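Asker: Here it is, the structure, as structure tokens.
Please treat every number below as a calculation from the coordinates, not as lab data. Predicted, not measured: the structure shown is a model, and the values here were computed from it.
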Amino acid sequence: MSTEEFKIDGEELLAKLKEILHEGNIRRITIKNEAGDTVMEIPLTIGVAGAVLAPTLAAVGAIAALISKCSIIVEKK
């Protein structure tokens, strides 16, 4: 399993998350604030459909409005 970390502005969070999900082969996504505290953790399973992720993406949009800088940690298979 490999891990990637992206440091981005809060306003870019939703777009980057959608880009990462589109790549596929993702096991877990963790969103952390500037202080390094985990804000949200999204475990993903094989075959997760877009409709299932819609509420999660809405929550990510709300989080993006509240934080200025964040990190996305992506665990790949």
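Asker: Under the definition of Cα pairs under 8 Å and six or more residues apart, what whole-number percent is the relative contact order of the chain?
Answerer: Working: 111 pairs, mean separation 44.7, N = 77.
The value is 58 percent.
Asker: Taking H as built 1.01 Å from N, whose amide H comes closer than 5 Å to the amide H of L44, not counting residues under 5 places away?
Answerer: When sequence neighbours closer than 5 places are left aside, the close amide H contacts are R28, I29.
Asker: Tell me, what does the Kirkwood hydrodynamic radius of region 2-76 come to in angstroms if you use every pair of distinct C-alpha atoms? Write down the numbers at each step before the final one.
Answerer: Working: mean 1/r = 0.0813 Å⁻¹.
Taking every pair of different Cα atoms in region 2-76, averaging 1/r and inverting gives 12.3 Å.
Asker: Angle check, please: helix 50-66 long axis (alpha carbons) against the longest principal axis of the chain (alpha carbons), in degrees 0 to 90, nearest 10.
Answerer: 10 degrees
Asker: Under the rule of -39500 (n - 2.57) per DSSP H run of 4 or more residues, summed and divided by the residues of the chain, what mean residue ellipticity at 222 nm is obtained, to the nearest 500 deg cm²/dmol? Don't skip to the answer; put the middle values down first.
Answerer: Values: 2 runs with 28 residues, N = 77.
Rounded to the nearest 500, it is -11500 deg cm²/dmol.
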